[in-house]
Amino acid sequence: MNEVSMHLRFLAACAIAQEAGQLVRRRFLERDEALELTFKGPQDYLTETDAEVEKLIALRLSQAFPDDGFFGEEGGGAFGASVWIVDPIDGTADFARGVAYFCVSIAFVHEGRTQIGVLYDPMAGELFAARHGGGATLNGRPIKVSAIDDPRKSIVELGWSPRAPFDDYLKVATRLNELGAGVKRRGSGALGLAYVAAGRQDAYCELHINAWDAAAAVLLIEEAGGWTNDFLTAQCLERGNRVIGCTPKLREALEIAMHV
């Protein structure tokens, strides 16, 4: 795929993420006790807005790039040589509960490699964007991971998923605590990873996260000078994977902590 085609996709991803984010914002501000809420599984929320936003993103991408594949968290799809991987609302539980911490996530994967990663936080008005080999930005300004190299000075977000044994989560949390890291947890893995890219925290780890949650944000960290594990494998596209994103000098300690 040539440079012009990739640049057009990058610009489109940024514009579509913001359009979709504004729809999410409107629905969030309009929400009331009548919000339709269902569960895909234990602690796995689904709202009507998820499907509505995913349909909008799919429509815009198909209009602009009809030959590209599409895979969304809610509607599924197919993985091909060129595919968009979308999470319409990462942080649905917070969205549903009235907590303003969620984002739209759009990744473009070509021949097994994430080429474009875009996240938009509509409540903060923050657009995180990256291209493979082109750096990472926040609202158009370059971002870099922090310079922290000592776990005792680090802030690590440890995500949790019911798809991984809770005992394993506790093991990792205990190890991080023994390293002296400040451990936290919030409700959006995508934003947690993006915050690493922006230097707001020093690492994000999770024992299992789905491709649509992290494909865009992992690229942000890589392009912001950080390190990530080999996340987007062929198996990850279908079944998810563990993820580690951090400042480079924290890599060894975190790999050990995450070994369960």
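The values are calculated or read from the model by the stated rules, or taken from the named source; none is laboratory data. Owing to the predicted nature of the structure, the values given are computational and were not obtained by experimental measurement. Cβ placement follows ideal geometry from the backbone for every residue including glycine, while neighbour counts extend to all protein chains displayed.
For segment 104-149, the candidate set comprises residues that are acidic (Asp, Glu) and in contact (Cβ under 8 Å) with a residue 24 or more places away in the chain; within that set, the residue that is surrounded by the fewest Cβ atoms within 10 Å (Cβ to Cβ) is 111.
Scanning segment 74-131 for residues that are of a type in the set (Gly, Ala, Ser) and assigned to a strand (DSSP E or B) turns up 76, 77, 82, 105, 107, 117, 129, 130. Put simply, of 223, 238 the only residue that is closer than 29 Å to residue 54 by Cβ and surrounded by 19 or more Cβ atoms within 10 Å (Cβ to Cβ) is 223.
Every listed requirement among (1) buried (at least 24 other Cβ atoms within 10 Å of the Cβ); (2) modelled with pLDDT of 95 or more is met by residue 211 save one, (2). Test residue 157 against the stated conditions and say whether it is of a type in the set (Asp, Glu), within 27 Å of residue 251 (Cα to Cα) and not assigned by TED's automatic domain parsing to the domain that holds residue 231. Against the criterion (of a type in the set (Asp, Glu), within 27 Å of residue 251 (Cα to Cα) and not assigned by TED's automatic domain parsing to the domain that holds residue 231), residue 157 does not qualify. Failed condition for residue 183, given (1) in contact with a Leu (Cβ under 9 Å, 6 or more places away or on another chain); (2) buried (at least 21 other Cβ atoms within 10 Å of the Cβ); (3) of a type in the set (A, V, I, L, M, F, W, C), with all others met? Failing condition for residue 183: (2).
Filtered by the rule that a residue be assigned to a helix (DSSP H, G or I), touching a Leu at 6+ places or on another chain (Cβ under 7 Å) and within 20 Å of residue 173 (Cβ to Cβ), segment 214-260 gives 214, 253, 257.
Taking residues in segment 216-242 that are farther than 18 Å from residue 192 by Cα, and partners anywhere that are in a helix (DSSP H, G or I), the pairs with Cβ atoms closer than 8 Å and at least 6 places apart or on different chains are 236/211; 237/211.
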